[in-house]
Number of protein chains: 2
Amino acid sequence: MNKLTIKDIAKKFNVSISTVSKALNDSYEISDATKEKIQKYAKENNYKPNFNALSLKNRSTKTIGIILPTMLNYFFAQVFNGIEKTALERGYKVITCISNESYDKELEIIEMLSNGSIDGFILSMSKETEINANFSHFQETIENGIPIVMFDRVASAIECDKIITDDFNGALNTVEHLYKSGHRKIGFVSTLSNLHIGQQRFLGYKKGIETVGLPFNEEYVINIIDTDYKKYEEILSPFLKKNKLDSIITTGESAAVASMKAALKLGYQIPKDMSVIAFSNGILARHSSPKMTTISQHGELMGETAATILIDRLENKLTDFTKKVIKTDLVIRDSSK
Amino acid sequence: MNKLTIKDIAKKFNVSISTVSKALNDSYEISDATKEKIQKYAKENNYKPNFNALSLKNRSTKTIGIILPTMLNYFFAQVFNGIEKTALERGYKVITCISNESYDKELEIIEMLSNGSIDGFILSMSKETEINANFSHFQETIENGIPIVMFDRVASAIECDKIITDDFNGALNTVEHLYKSGHRKIGFVSTLSNLHIGQQRFLGYKKGIETVGLPFNEEYVINIIDTDYKKYEEILSPFLKKNKLDSIITTGESAAVASMKAALKLGYQIPKDMSVIAFSNGILARHSSPKMTTISQHGELMGETAATILIDRLENKLTDFTKKVIKTDLVIRDSSK
DNA sequence: ATGAAAGCGCTAACAC
DNA sequence: GTGTTAGCGCTTTCAT
């Protein structure tokens with residue numbers, strides 16, 4: 001019942017614990033005979049070195065702390081997946097906590113884990129943190145020798161490794177794509193205008209409009225904030241109606257679904273009368289009717305990249321801080337022409 | 001940079017480490033004066049007792065191992081959420097690993113964490129494990145003194161705490177509901193017929209059909225297995241056409257979405273000509289057109305319950321093994337009449 | 001080739 | 001009221 005320790009093995013063979021330790025670690029100091037019998041016994045009895053003893057000794061836990069704003073969002077779930085996969089491959093485990101978009105919770109989590117529980121953090125900060133630009137907890141963590149890798153929602157004021165989506169060009173390229181396929185009244189629906197990524201997407205949209213030579217019309221842009229997705233449709237319906245748009249880009253899937261529903265109710269056909277393209281990672285896009293054309297964000301790759309960078313840093317394979325930009329892909333489905 | 005330890009504090013005040021330890025733990029043995037100055041200093045310098053040292057000493061890590069088949073599924077993400085929330089409230093953290101429906105991976109994860117990394121497991125086994133009925137790794141873990149709480153996909157052969165959905169009655173009640181609202185040709189679409197939960201849902205359906213006094217017709221049941229969701233629609237279209245069903249129950253959201261699409265293409269109106277009801281947790285149901293009536297599964301509650309039970313067990317508040325059944329709720333939306 | 005001992009950071013039983 | 005010591009499980013340096 002109680003775990004087998006090095007001490008038990010030592011007693012069993014009437015040797016010292018250091019002999020056992022060395023034998024198990026295949027030290028040249030130990031005779032083949034002893035090594036063999038000890039290793040055999042250890043294997044048969046399913047010996048495993050105690051994790052906490054090792055961590056204490058090595059001052060390294062081989063575990064990564066992940067802080068996510070939520071798990072109930074396909075993007076973050078995908079990022080988690082990428083981190084977990086890469087971490088396991090490289091012999092690390094992950095402790096995952098959810099901030100629920102709350103600064104206090106985020107702080108609490110960081111404090112809770114900054115006691116030798118983890119070697120480093122991978123995180124995307126909470127909305128509250130970003131909006132209040134309250135970054136001192138990150139700074140302190142780093143100063144205490146715990147590296148942080150930020151992804152998606154990153155703090156430019158903090159010096160650390162960062163992985164971001166190419167939101168700007170994702171939006172810009174989409175505008176160009178829509179223009180080339182004949183659209184001239186391109187709208188922009190944002191539910192993220194209070195976040196940096198939302199602003200980047202907007203700026204990319206605006207730049208795109210300029211690039212193709214269309215006039216920028218503020219009326220074609222709507223920011224929906226602090227609103228439940230259930231209200232999106234009723235907010236978007238008049239917006240679409242008034243502006244007679246022939247296409248819209250949305251910063252997320254829910255808004256795109258609501259836009260399509262509103263448009264269909266207004267008698268539009270999609271994509272004939274209106275194209276809808278959303279920043280997305282997935283699930284709704286593939287199941288909506290019509291299936292949604294998306295600016296795809298590669299959450300899993302983002303997670304893999306974040307884990308690789310953090311582990312490389314922990315293993316001293318990195319010097320300067322990196323800022324990796326993950327390109328988006330325009331995935332053409334049936335909601336755009 | 002390097003973490004403050006009890007030793008550093010002892011040196012600072014020229015006292016012994018045990019004095020510091022006692023002072024920090026507010027022992028009655030220590031004078032108020034020393035306690036105060038030491039506690040103050042500790043607080044100011046952000047002292048935190050080393051996690052690994054504590055775990056080693058107490059033989060308890062206050063961390064829970066979670067093994068999920070996937071995170072890219074709203075149900076499991078919800079369960080995770082419930083576990084993480086409850087765990088944190090009770091002072092536990094969670095290490096989360098993904099089995100990807102693979103037995104080998106599941107085994108590997110269990111072995112990796114069974115070295116004092118965690119105090120107990122909460123898991124839902126992989127499909128492969130369930131299909132091959134390969135449960136010895138669970139048995140051994142429990143025998144080694146590491147408690148397991150299983151949820152959703154549970155092994156009846158293993159004696160441990162279990163939380164399951166009331167799949168049987170969820171299906172049965174839905175059949176009765178459909179019958180009462182005038183449906184007579186009720187179909188059943190399963191994508192989980194190789195899992196126990198899928199069988200329970202089917203048995204509930206069958207029992208329901210008997211209960212309301214309809215003839216059980218095998219033709220009205222279709223099992224889709226090892227097939228990508230993209231193919232669902234083309235598989236379901238002839239099935240719906242041939243049987244002229246007036247309603248179907250599906251074991252999951254994707255199949256329900258595909259059914260609706262197939263039905264609409266066949267010229268059916270939903271719910272006028274056909275009602276669709278799915279076992280579900282969410283996301284697609286609320287965004288589909290029409291919005292989906294669901295047999296809702298309460299993933300978050302399941303997670304909270306699992307965490308509560310595991311922690312109670314770890315803290316010796318439990319004796320006999322419990323088997324908690326979580327009721328489903330029929331959430332009426334627009335895909336059924 | 002093997003063992004003794006120190007130390008990772010902490011607690012607690014037992015001195016003083 | 002404060003200090004000494006042993007021990008949690010392990011590695012590693014330094015004897016032997």
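The values are calculated or read from the model by the stated rules, or taken from the named source; none is laboratory data. All values reported here derive from a predicted model rather than from experimental measurement. Here the Cβ is made from the backbone with ideal geometry for all residues, glycine too, and neighbour counts use every protein chain on show. In case anyone asks, the SASA skips ligands and DNA or RNA and just uses the protein heavy atoms, side chains included. Shrake-Rupley method; radii C 1.70, N 1.55, O 1.52, S 1.80 Å.
How many angstrom separate the Cα center of the stretch A:95-141 from the Cα center of the stretch B:240-262? That distance is 44 Å.
Separation of the stretch B:149-202 and the stretch A:149-189, taken as the distance between their Cα centroids, equals 43 angstrom.
When A:GLU219 is represented by a point 7 angstrom out along its Cα-to-C-beta vector, the spacings to that point in the other copies are 5.9 nm, nearest first. Taking the label point 7 Å along Cα→Cβ, B:ILE131 and its counterparts in the other copies are spaced 4.7 nm apart, in ascending order. Pairs of alpha carbons in the stretch A:1-143 separated by more than 28 Å make up 41% of all such pairs.
In nanometers and ordered shortest first, the copy-to-copy spacing of the B:GLU101 label point, defined 7 Å from Cα toward Cβ, is 3.3. Each of the peptides A:327-333, B:83-89 was scored by the mean count of other Cβ atoms within 10 Å over its residues; in descending order, highest first, they stand as B:83-89, A:327-333. Relative contact order of chain A: 17 percent, from C-alpha pairs under 8 Å at least 6 residues apart in sequence. In 10 Å bins starting at 0, how do the alpha-carbon pair distances of chain B split up by percent? Reading upward from the zero bin: 5, 22, 24, 18, 13, 7, 6, 3, 0.
Sparsely packed loop sites in the stretch B:1-79 (the GluC sites (Glu not before Pro) outside DSSP H, G, I, E and B with at most 12 other Cβ atoms within 10 Å) comprise B:GLU29. Its Cα centre serving as origin, chain A has a Cβ charge dipole (Lys and Arg +1, Asp and Glu -1) of approximately 980 debye.
The order of A:HIS196, A:HIS298, B:HIS183 by accessible area, most exposed first and with a 1.4 Å probe, is A:HIS196, A:HIS298, B:HIS183.
Length gained on full extension, A:TYR229 to A:ARG333, computed as 0.36 nm times the residue gap minus the Cα-Cα distance: 35.2 nm.
Sites listed here are GluC sites (Glu not before Pro) in the stretch B:243-328 whose DSSP assignment is loop and whose Cβ has at most 13 other Cβ atoms within 10 Å: B:GLU315. Computed over protein heavy atoms with a 1.4 angstrom probe, the accessible surface ordering of B:ASP32, A:ASP312, largest first, is B:ASP32, A:ASP312. What does the charge count near A:MET71 come to, summing +1 for each Lys or Arg and -1 for each Asp or Glu among other residues with Cβ under 11 Å from its Cβ? Cβ neighbours under 11 Å give a net charge of -1. If you average the C-alpha positions of the stretch B:288-323 and of the stretch B:36-83 separately, how far apart do those two centres end up, in angstrom? Using only Cα atoms to place each centre, the spacing works out to 21 Å. Shape class of the stretch A:166-216 from the Cα gyration tensor (axes a ≥ b ≥ c, square roots of the eigenvalues): prolate, since a/c reaches 1.5 or more and a/b is larger than b/c.
In this Cβ point-charge picture (+1 for Lys and Arg, -1 for Asp and Glu), the protein assembly as shown has a dipole of about 540 debye about its Cα centre. Rounded if a/c is under 1.5, else prolate if a/b is larger than b/c, else oblate: which is the stretch B:184-259, with a ≥ b ≥ c the root eigenvalues of its Cα gyration tensor? Because a/c hits 1.5 or more and a/b fails to exceed b/c, the stretch B:184-259 counts as oblate.
For the protein assembly as shown, the gyration tensor built on C-alpha atoms gives an oblate shape. Its axis ratio a/c (a ≥ b ≥ c) is at least 1.5, and a/b is not larger than b/c. Around A:TYR47, what is the net charge, scoring Lys/Arg as +1 and Asp/Glu as -1 over all other residues with Cβ under 15 Å from its Cβ? Cβ neighbours under 15 Å give a net charge of +4. Restricting the GluC sites (Glu not before Pro) of the stretch B:139-243 to loop positions (DSSP other than H, G, I, E, B) with no more than 10 neighbouring Cβ atoms within 10 Å leaves nothing. DSSP assigns beta bridges within the protein assembly as shown; of those with both partners inside it, close to 10 percent run antiparallel. Each stretch of four or more DSSP H residues adds -39500 (n - 2.57); spread over every residue of the protein assembly as shown, this sum gives -14000 deg cm²/dmol at 222 nm. For the stretch B:167-297, the Kirkwood radius over C-alpha pairs fed into Stokes-Einstein at 37 °C and 0.692 mPa s yields D = 230 µm² per second.
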